[in-house]
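See structure below.
Bear in mind that the values in this text are calculations on the coordinates, not laboratory data. Everything numeric here is computed off the predicted structure, so don't read it as measured data. In this analysis, Cβ positions are derived from the backbone assuming ideal geometry, glycine residues included, and neighbour counts consider all displayed protein chains.
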Amino acid sequence: MFRDSITDDYADKHEIVALCDSNPHRLGEAAKAVQRPGTNGVATYLAEDFDRLILEQKPDTIVVTTPDFLHADYIVRAFEAGCDVICEKPLTIDLARLKTIVDAQARTGRKVQVTFNYRYSPARTQIKELISSGAIGEVTAVDFRWHLDRVHGADYFRRWHRQKENSGGLLVHKSTHHFDLLNWWLGSLPTAVLASGRRAFYRPETAAALGLEGRGPRCHGCPVAAKCDFKLDLAADESLRNLYLEAEGADGYFRDLCVFDADIGIEDTMQAHIRYASGVTANYTLTAYSPWEGLEIKFQGTKGDITHRHVEVHGVFGGTRAHADADAVTTELHLAGQIPRLLDVPHASGHHGGADPVMLGYIFDPEGMTPDRYGRASDHVAGAWSILTGIAANASIDTGSLVDIKSMLRSRGIKLEH
Ligand SMILES: NC(=O)c1ccc[n+]([C@@H]2O[C@H](COP(=O)([O-])OP(=O)(O)OC[C@H]3O[C@@H](n4cnc5c(N)ncnc54)[C@H](O)[C@@H]3O)[C@@H](O)[C@H]2O)c1
């Protein structure tokens, strides 16, 4: 997304001066994709040569799109070298790494933007506008459910995301988007979290119930792949084959490990109760094996409520989206003493409900955009707050207790200031 945006849409403003990856095959493929007729292409560096990349190419900004557990190391090294950073979500996955980012930011004064694309979709911005305009009075309570379907949800159980030490689990890796939306919509920050979580679906018992005895360690070459609804056929898809199957030899990164493995460490069924500084309380549910994909959220307020529902994909049966329907987004405003009213929901084209092109515009051409009255850009502080709910939820799952976020930060000496 970032690569194509810079080379295709913002080539008059920015230039990719180098690419870096630990995998030489993917690095080579990325370099081919950047090459434009009549140019010499860009320099490429393996991960161990990242510091040399900075010395030789002198970039202004580093875009970090590695697996989550590596974000902090690259952010800190970029800051120390005098660069700003654009980082994929989540900012990082745990308190120790968060402290290194916050300390390096304070030391160097450099900036990191965390790319929360969900903030930029017109439907979500409309909710921000409704809440901030006081349409339902003071918000008091929220119910938020996010459903990952059996295609998208299953994907987190195939590769690096499946261990908490790589991704922080879905309460950090995925919910960073959702908790960021809550912080931004409510204009408040979380203070305490009580959570439960377990792996209820992606486990060997489910494979046995589906008649998948004799399954292999991965889809490629799996003896029961033909009857498995959850298989990912890397060889059948040109992009997956090129980016992953053909790159395996260099680093043994398998993109299609069995989703029913016993040694997966993340949860697929999570619930959290969150208290906010403003007094709002929120209940949150995330599942990763739903028959449909999307979200449902209700904001209760002193004057009425807002109910927002987005069905991104209908009808996922097994692991296929064969019966998928188009997007369906509704937002209903129900004021006390009136009948509920369905609002016109603005739409835009582009990935993530039209969010990505708007976000990329604000990142790569802020002067060309109208000033953002919704405050959608995120720095290390917003990035940190978006993961703190999930980090506290993980701690709460481990201990069974309510986790106080301020104490958690104090115990690690983390100070979150702009
Ligand atoms: N905002 C969104 O909606 C969204 C969507 C997808 C992914 N993401 C984020 O993008 C990031 C990447 O996800 P992905 O699905 O593309 O993962 P991926 O595994 O497909 O790609 C990661 C790349 O990083 C490379 N890499 C691994 N170790 C490295 C190292 N030490 N140094 C340099 N490069 C290294 C890998 O070789 C690979 O090319 C994650 O942080 C993820 O959360 C965000």
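Over the chain, with a Gaussian network built from C-alpha contacts below 10 Å, which listed residue (ASP60, ASP155, ASP261) shows the highest mean-square fluctuation?
Of the options given, ASP60 has the highest mean-square fluctuation.
Per residue of the stretch 74-85, what does 6.51 cos²θ - 1.76 cosθ + 1.60 with θ = phi - 60° give for ³J(HN,Hα)? Whole Hz please, x for Gly and Pro, Karplus curve as stated.
5, 4, 5, 5, 5, 4, 4, 8, x, 9, 8, 9
Looking only at GluC sites (Glu not before Pro) in DSSP loops with at most 15 other Cβ atoms within 10 Å, what is the longest site-free stretch of the chain?
The answer is 214-416.
Skipping prolines and chain starts, which residues have an amide H placed within reach, meaning under 5 Å, of the one on THR269, given they are 5 or more residues away or on another chain?
Excluding prolines and chain starts, which carry no amide H, the hits are ARG198, ALA200.
Could you tell me which trypsin sites (Lys or Arg not before Pro) in the stretch 5-40 are loop residues by DSSP with no more than 12 other beta carbons within 10 angstrom of their beta carbon?
Answer by residue number: LYS13.
By counting other Cβ atoms within 10 Å of each Cβ, how are ILE339, ILE86 ranked from fewest to most?
The most exposed by this proxy come first: ILE339, ILE86.
Most exposed first by the Cβ proxy, i.e. fewest other Cβ within 10 Å, how do SER121, SER239, SER188 rank?
With the sparsest Cβ surroundings first, the list reads SER239, SER188, SER121.
Name the most mobile residue of GLN126, GLN163, GLN57, meaning the one with the largest mean-square fluctuation, in a Gaussian network model of the chain with Cα contacts below 10 Å.
GLN57
Report the Cα centroid-to-centroid distance between the stretch 290-365 and the stretch 172-249 in angstrom, as an integer.
23
By count of other Cβ within 10 Å, fewest leading, how are HIS147, HIS323, HIS314 ordered?
Result, fewest neighbours first: HIS323, HIS314, HIS147.
When a/c is below 1.5 the answer is rounded, else prolate if a/b is larger than b/c, else oblate, so apply that to the stretch 2-114 with a ≥ b ≥ c taken from the square roots of the Cα gyration tensor eigenvalues.
prolate
Identify, among ILE6, GLY82, GLN105, the residue whose Cα sits farthest towards the positive end of the charge dipole of the stretch 2-114, taking +1 on the Cβ of Lys and Arg and -1 on the Cβ of Asp and Glu, with the dipole about the Cα centre.
Comparing the listed Cα positions along the dipole, GLN105 ranks first.
Choose one answer from GLY279, GLY214, GLY337: the residue with the largest mean-square fluctuation in a GNM of the chain with alpha-carbon springs under 10 Å.
Judging by the Gaussian network model, the answer is GLY337.
Tell me which residues come under 5 Å, amide H to amide H, from TYR244 once H is placed; ignore anything under 5 positions away on its chain.
For TYR244, no residues qualify.
Scan around GLN113 for amide H atoms under 5 Å from its own, H built in the peptide plane at 1.01 Å from N, and keep only partners 5 or more places away or cross-chain.
VAL85, ILE86, CYS87
Which value, in Å to one decimal place, does the Kirkwood hydrodynamic radius take for the chain when every pair of different Cα atoms is included?
Working: mean 1/r = 0.0438 Å⁻¹.
Roughly 22.8 Å, rounded to one decimal.
What length, rounded to one decimal in nm, is gained on full extension from ARG3 through to GLU367, with 0.36 nm per residue of separation minus their alpha-carbon distance?
Gain on stretching ARG3 to GLU367: 129.0 nm.
Whole-Hz ³J(HN,Hα) for each residue in the stretch 143-155, computed from phi via Karplus 6.51 cos²θ - 1.76 cosθ + 1.60 with θ = phi - 60°, x for glycine and proline: what do you get?
Per-residue couplings from phi come out as 10, 10, 10, 10, 10, 9, 7, 7, 9, 5, x, 4, 4 Hz.
How much net charge surrounds CYS222 when only other residues with a Cβ under 15 Å from its Cβ are counted (Lys, Arg +1; Asp, Glu -1)?
In short, +1.
For the stretch 345-360, list residues with backbone N below 14 Å from a point placed 7 Å from the Cα of THR330 toward its Cβ?
345
Using only DSSP helix segments of four residues or longer, with each worth -39500 (n - 2.57), what per-residue ellipticity at 222 nm results for the chain after dividing by its residue count and rounding to 500?
For the chain, the value works out to -9000 deg cm²/dmol.
Report ³J(HN,Hα) in whole Hz for each residue of the stretch 31-40, in order, from the Karplus equation J = 6.51 cos²θ - 1.76 cosθ + 1.60 where θ = phi - 60°; Gly and Pro get x.
The phi angles translate into 5, 5, 5, 7, 4, 10, x, x, 10, 8 Hz.
Normalised by the residues of the chain, what does the relative contact order come to in percent, with Cα pairs under 8 Å and at least six apart?
23
Over the stretch 204-251, with a single point scatterer placed on each C-alpha, what log10 of the ratio I(q)/I(0) does the Debye formula yield at q = 0.15, 0.16, 0.31, 0.32 1/Å?
With no solvent term, the Cα-only Debye profile gives -0.45, -0.50, -1.12, -1.16.
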